[in-house]
Amino acid sequence: MGLKTKELIGKERSVRAMGMKISILYLGKMEFPKFRLVDWKDEGAMVQSPAVAILIQHPTLGNILYDTGNCEDFSAVYTEEMLHDYPITEMISIQEALAQKGLTPDDIDLIILSHLHFDHAGGLKHFVGTKAIRRVLVSEADLKNAYWSVMTGNGGAYIRSLFDVEGIQFQTIRETTKLAEDLELFIQASHTPGVIGMVLKTDHHGTILTTSDTIYTAESYEKELPPGGTINKTTDEFFDNLKRIKEMEKAYHATLLFGHDYDQIMDWVAKGVID
Ligand SMILES: [Zn+2]
């Protein structure tokens, strides 16, 4: 009996070692009126909006980081409009969050940025001088949009100094890209012209689909609330993308992870490592 148990444990371990380990990294939050996040009538309602990164420890691809959160020098670097509209009330740097996982920026092999907005690209400077800064994967459409925006005085939520850091080498994708059998990237033309989402096939938790900022919250998804604020010019892209995500959710029997849903992020952080 004893031997059998040992054998079973051994087998279980070897199966587990094959899959990826996913950790949701909470990087603090912004707090602002809800109407700036989603279409919402009550101007007094407030919302907590977390900054999030995802660490994927992958058996063949190495350590992958999806997004890097805000920049801790935000008060000096961000525009007055950003600081006014989306005030940061809690700041945890990507370096601190990685340290909690026993990692440093040197341990990251690949960075994927869902898009280059300030609250996603803000931690890039921590990777200057590491191997990861030479492998920063973004969509071609978002990269072009980011440079066009900052070079024409239409920065919006892009800040050049956050993403145009020393030694950075972008790798761009323009269509669905499979990095491994269990990790696929897809491009959403909503929020910006190219936000990267991920399809993550886990051993024990099914398929996880990350939307990033094309859909901010579970409420926005379920009640079909388009984004508020000034980032989006029309709601057409939001609804087109929503339809596509709903189809993907069905096809993959997927669990969705949204871009800025405080309750969901807290819940997933509490779950610990997802494998
Ligand atoms: Zn964004």
The condition of being surrounded by 21 or more Cβ atoms within 10 Å (Cβ to Cβ), within 24 Å of F35 (Cα to Cα), in contact with a Phe, Trp or Tyr (Cβ under 6 Å, 6 or more places away or on another chain) and not hydrophobic (A, V, I, L, M, F, W, C) holds, among T210, T192, T217, only for T217
Check I112 against each of (1) within 24 Å of I274 (Cβ to Cβ); (2) β-branched (V, I, T); (3) touching a Gly at 6+ places or on another chain (Cβ under 9 Å); (4) within 15 Å of the ligand (Cβ to nearest atom) and name the one condition it does not meet.
(3)
Kindly check whether there is at least one residue in the stretch 195-205 that is among the polar types (S, T, N, Q) and either under 18 Å from D119 (Cβ atoms) or not in a strand (DSSP E or B) (or both).
yes
So H126 clears everything in (1) over 13 Å from F163 (Cα atoms); (2) in a helix (DSSP H, G or I); (3) open to solvent by 10 Å² or more (accessible area, probe 1.4 Å); (4) not aromatic (F, W, Y) except one condition, right? Which one?
(1)
Exception for G229 within (1) within 16 Å of the ligand (Cβ to nearest atom); (2) open to solvent by 30 Å² or more (accessible area, probe 1.4 Å); (3) in a strand (DSSP E or B) falls at (3)
Residue that is more than 24 Å from Y252 (Cβ to Cβ), of a type outside the set (D, E, K, R) and either free of Cβ contacts under 8 Å to residues at least 40 places away in the same chain or open to solvent by 40 Å² or more (accessible area, probe 1.4 Å) (or both), where the choices are I168, I133, I159, I173
I133
Test: residue in the stretch 235-246 that is in contact (Cβ under 8 Å) with a residue 40 or more places away in the chain, surrounded by 14 or more Cβ atoms within 10 Å (Cβ to Cβ) and more than 14 Å from S190 (Cβ to Cβ):
no
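The values are calculated or read from the model by the stated rules, or taken from the named source; none is laboratory data. Predicted model, so just to flag it, every value in this text is computed and none were measured. All Cβ positions, even for glycine, are placed from backbone atoms using ideal geometry, and neighbour counts span all protein chains on display. Calculation scope for accessible area: heavy atoms of the full protein, side chains included, ligands and nucleic acids excluded. Shrake-Rupley method; radii C 1.70, N 1.55, O 1.52, S 1.80 Å.
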